[in-house]
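Notes follow once the structure below has been shown.
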Amino acid sequence: MESREERESSPPKADRTFALTYIGWSSLDRRTTLPMLPWLVAEIRRRSERGDCGPVVQPREVQLVLIPPFVRCVPSSSNNSSVFIFEHKAQLISRFIHNSNDLSYFAYLLRGQPDNPESEMSCHVFKACDPNQVPEVISRIRQVSKSALKGDTKPKQEADEAFYNSQKYEVLYRGKVTVLHKKAASTLIDDCIDKFRQHEVERKRLRLLNGQRGSTEGAPVDSSSQSSLRGAFPECILEDSGFEEPQEFRTRCSSLAGSLQRKPGEGVIIGPTRRRHSSAPNHVQPSDADKNRTMLFQVGRFEVNLISPDSKTVVLEKNFKDISSCCQGIKQSDHFGFICRDQSESGPSQYVCFVFQCASESLVDEVMLTLKQAFTTAATLQSNKTQVQLCEACPMHDLHKLCERIEGEPRRPTKLAIQKYLSQLTDNEQAEIFERVQRLKPGSDQEENELVILHLRQLCETKQKSHLHIGEAPQVNIQFDSKGLCCSRFKLDILKNKARSSLTTSLENIIARVRLSALFSPPLPILCLYLIPCCYWIYLFSLLIPVSVSHFFTPDRMELLPLSPRACNSSLDPLGRQLPPGERPKRTGADYRALWKTAIHQQILLLRMEKENQRLEASRDELHIRKMKLSYQEVGQCSKDALALWERKLTAPGRTTVPQDKEEMYHALCQGVPKGRRGEVWLLLSHQHRLRHRLPQRQQAPDTPYQDLLKQLTAQQHSILVDLGRTFPTHQYFSAQLGAGQLSLYNLLKAYSLLDTEVGYCQGISFVAGVLLLHMSEEQAFDMLKFLMYDLGIRQQYRPDMVSLQIQMYQLSRLLHDYHRELYNHFEEHDICPSLYAAPWFLTLFASQFPLSFVSRIFDFVFVQGTGVIFKVALCLLSSHEGEIVECDSFESIVDYLKTTLPALTHAQMEQTIAKVMEMDISKQLHAYEVEYHVLQDEMLEAGPLPDDSDRLDKLEKTNVHLKKQNMDLLEKLQAARQKIQTLETSVENFLSRESKMKHMIRSLEQERAAYQKTIERMRSCLPPDALTDVEMTQIKTGPNGKAKTTAKKP
């Protein structure tokens, strides 16, 4: 590497210079992860604005100069680029942060110097005047970094490059079994699947038996059948309710009521024992087949997570140290499982095996290989002392888990999660953090959260320096005597430390956490006591306080006494003055009954308050998510008249069954659509379109419920999971990895890939589905996706042959040729076809590159006019930028302008483009160009390969002249034929339905006639023979006209 003097003597040429505001920087621990960085950026911003998080750093105007391979920060007041604030290599930048609420701020994470292992990491924060400038700055820095890495002969791959990288797979959770050994037998998975199938058969049998029992009004069941049932299935079979709230379940079971519940299998008659393998399934718990059991199986750096796309939560988390073995089925090769410790079980059966199913055997092989590599990498990181050491007990790892859990969450749930984390600290640490935060006087929940995370990071970095990783022993010099007394004393000290966590200390910690939660002003501080059962509180107070506990629960004293984590002052204790020490009152049965009654009433009150608090939290979160989804500025303000018009249309009775005036609907659409009700407007427009244009039965989408599709496994999971992070990466709703937005998008794309097997999943559908999800719920978005694909025919461009997309590219090229000849010639001169720049516009409906407000307005017109709107928008965009495009004189500059500069539209340009789109009508031209394309394709197939390009061009010109004369006639005939075909298909469907109804009626009449004839014959056979001479018998005869004729027979 050349020296600084050499670089100054021959100053390099700057690749690009950006005018920015330098906010500040901060050093950080090498174990800092991506979820921690937004909080670090907030700390740096607060330090520059207020200076209460450290030394005051005034923001200054700077020039960020990119001199490959260096990034140099130069003051704006300096004209000499050799005078700079800092300088570093571009390839040392490991992360960019640009997903905060204020898009004008961005930051990057700078790794330490590779030659100096002791060097710290740092984070630099900048602010741009225009938020649209930030993506360009990040893109330029990345280009400099890539070019520098290509020129480097020996690039070094740091271990923290892949920090917390993970692989994700979609699996079907089959159930879990309890085993007696940590090593899996070769046939364990096959045995589990057999047990699950037996359980399913027995469950169906029991359901049928219960139905028969109900039909016989509680008739007794034969005891022999019950005994045979038990003898055939000796294991204890339990229905697994899934992974719903495992932490809550453990909390409830720790109470007195939970301990009194009957254990599974207790009281059940078990059949004769048999010799079993130590890892054979003991307690079998299959999953419920009626629920959605599909999960995302995530293999991380140190743990395995099971994520439910339905509940949007992590339902199972297991560290690698808890997993003893993994195995794959032999007969059932598409199944796999792993054995791990079960903390909830006691006794010899402390291992449980979770069983999963994949879409194919090859996918199971990939999962097993990934697990093997993850275990090997984790073991290497633990054993390699030169690399950054990290274990599951590291303070920085705990902080990472907290930041990862609150990433993308609203302020209130974030605050509750931070309080839960604080409750795990010691009393002194809690008090110190509280005092520091209150000293800075935060003005809002967000500021309070930022300050708490700041001090938590400082605390974790301090504790990390003296932390001993798992497997390491403390380096203590102990002098042993001949009798080993020091060793015995060392063991005694360990026992003393364990004995210090007594009942009194536990109660003091609980009281301290309650006080800390109250100081941080939660909505209901008393809810923190809900985790401790009332009976446990009564027992603790009866042991520790020598007074009657009923004194706390009298009606006059419903409020809890003030609690403090510090030692209580006897002079301030109102209970200590009531009774002399040593005197303990005698409690009667009435006192205990009143005490229990009051405790039960308080528990009921706590439950009601908890439910109300959860309801309020859910409502607040829903409003926050809705606000987050619609965080864009509308194109064109919606007037009050338009708002009133849409309100009438959206609340009109029969709006989904009665067709409305199409011109009036389009006029209302041109006036604007309210952003908050855009999803409802799209639903209304789809219903109106379906009322006017009914597709034939063979062209309609399959009528499979959305929830049934979610229960299946898709073969397109890899493509979908990869594209989740690429879909709206800067939008707050989709930015969190496997957050609520990405999981909802995964559900939507997976369901459509299973519904439309011909298309499956194609890149571009994710952006269309993402726009729909931002304006409506999952099921509504799925219905609208089916409408766009099938009713409007957009699915044709996603088919594997891509014929429809080729036709669209030809149509766009012909439009440019006829309406913008200069631009068309410029593109032809530089060999730029429409597929280079316009293919993403059509595949994503402009959603991948253009602002969301502009895309939402395009969707408004797509729901009314179909895909023709895409051509109009593309033509307007190219025509409005025609002058700038013609000035570009190279292939690279033209493509770069079309992909980067053109989508960066201003608000005025968006409004002008939409106004032009509303006035344009090119439907006839599009039909003509489509017919022209098909005719050209047919002629090319018939003529075969031409000997020379000049002859081919001459023939094409003649063909074009001939086709222009016939296009209009063919177009009119085509439209008339399509309308006639649609009318005939509708008539045929009506005739078929009437025919089926008539056939059904004829069958019912024939059955009724046969029944009447049988009745007459039975009545005649019942009459005595002597009565036949006295009674007139009626004989029914059928006349020639088909009517029944009645004749009377006289004696």
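Descriptive notes on the structure:
- Surface/4 of the Cα convex hull for segment 411-466, nm²: 3.8 nm²
- Between Gln979 and Glu392, the FRET efficiency estimated from the beta carbon spacing at R0 = 51 angstrom works out to 0.15.
- Between Asp783 and Gln446, the modelled label-to-label distance comes to 3.5 nm, taking each label 7 Å out from Cα in the direction of the beta carbon.
- At full extension, Ile138 and Ser893 could sit 269.9 nm farther apart than now, given 0.36 nm per residue minus the alpha carbon distance.
- Within the shell defined by Cβ-Cβ distances under 14 Å, the residues around Ile794 carry a net charge of 0, with Lys and Arg each +1 and Asp and Glu each -1.
- Average projected area [Cα convex hull, segment 651-758], square nanometres: 9.5 nm²
- Formal net charge of residues neighbouring Val673 (Cβ-Cβ distance under 9 Å; K, R +1; D, E -1): +2
- In this structure, the amide hydrogen of Gly24, modeled 1.01 Å from its nitrogen in the peptide plane, lies closer than 5 angstrom to those of Val125, counting only residues at least 5 positions away or on a different chain.
- Each peptide in 910-916, 891-897, 31-37 gets a packing score, the mean of other Cβ atoms within 10 Å over its residues, and the list from highest to lowest is 31-37, 910-916, 891-897.
- Each residue was assigned an accessible area with a 1.4 Å probe, and for Thr900 the value is about 80 Å².
- Asp661-Thr313 pseudo-label distance in nm [points 7 Å out on the Cα-to-Cβ vector]: 5.2 nm
- In the complete set of protein chains, residue-level accessible area for Ile67 is approximately 10 Å², probe 1.4 angstrom.
- Spin-label pair Glu617/His907, simplified geometry with 7 Å Cα→Cβ offset, distance in nm: 3.8 nm
- Greater than 22 Å apart at Cα, pairs in Lys372/Lys711; Lys182/Lys420; Lys786/Lys980; Lys195/Lys312; Lys176/Lys711: Lys372/Lys711; Lys182/Lys420; Lys786/Lys980; Lys195/Lys312
- For the pair Leu650 and Leu180, the difference between a 0.36 nm per residue extended length and the Cα-Cα distance amounts to 163.0 nm.
- Packing, taken as the mean count of other beta carbons within 10 Å per residue, orders the peptides 927-937, 849-859 from highest to lowest as 849-859, 927-937.
- Probe 1.4 Å - accessible area at Cys833, Å² to nearest ten: 60 Å²
- Backbone N within segment 698-722 under 17 Å of label point (7 Å from Glu758 Cα along the Cβ vector): 698-704
- Protection proxy ranking, highest mean first, for peptides 590-597, 627-634, 87-94, 987-994: 87-94, 627-634, 590-597, 987-994, where packing is the per-residue count of other beta-carbon atoms within 10 Å, averaged.
- With 0.36 nm allotted per residue and the present C-alpha distance subtracted, the Thr959-Ile330 stretch has 220.0 nm of extension available.
- Residue-count net charge about Gln732 - beta-carbon cut-off 15 Å; Lys, Arg +1, Asp, Glu -1: 0
The values are calculated or read from the model by the stated rules, or taken from the named source; none is laboratory data. Given the structure is predicted, the values throughout are model-derived calculations rather than measurements. Here the Cβ is made from the backbone with ideal geometry for all residues, glycine too, and neighbour counts use every protein chain on show. Accessible surface areas use protein heavy atoms only, side chains included; no ligands, DNA or RNA. Shrake-Rupley method; radii C 1.70, N 1.55, O 1.52, S 1.80 Å.
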